[in-house]
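Each value in this text was obtained by applying a stated rule to the coordinates, not by laboratory testing. Keep in mind it's a predicted model, so treat the numbers as computed, not measured. Neighbour counts run over all protein chains shown; Cβ positions are idealised from the backbone, glycine included.
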Amino acid sequence: MRHVSPDLVSERLPEGWAAKAHVAAEAVAAALPEHRAAEINGRSIVWKDLKATLKEVSHSKCWYCESVDVRSDNGVDHFRPK
C-alpha cells in the first residue's frame, strides 16, 4: 500500500476543512450504531472537499495498487482509507 504522509496533507488542507471534519467526526461518534453509516454517508462532502489534496500528495496514484489512478471514479478512499 502507498503511504500518504498526514503531514503533507495537513499542510494543504482546504480552508475550514479541519473544523468540518471535527463536527462530522463528533456526529458519527455520537450516533447510535445503527445510524452511523447514514451519518458517514450524509457527510460525504467532507471527504469530497479533501479529494484534490489527497490526489496531489499521492501523485494521483491509487492507495491500494500504487498505479496512476485512471480507472476509478476517484473515490477518496483510493487515496486514503476513510
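Hey, can you grab everything whose amide H is under 5 Å from the amide H of residue 61? Only 5+ residues off in sequence or another chain; H modelled, so Pro and N-termini drop out.
For residue 61, the qualifying residues are 69.
Just going by the charge dipole of segment 2-61, with Lys and Arg at +1 and Asp and Glu at -1 on Cβ, which of 58, 46, 27 is farthest out on the positive end?
Checking the options against the dipole of segment 2-61, the answer is 58.
When the convex hull of the C-alpha atoms of segment 1-63 is computed, what volume per residue in Å³ does it have?
Details: hull volume 6.1 nm³, N = 63.
Output value, Cα hull per residue: 97 Å³.
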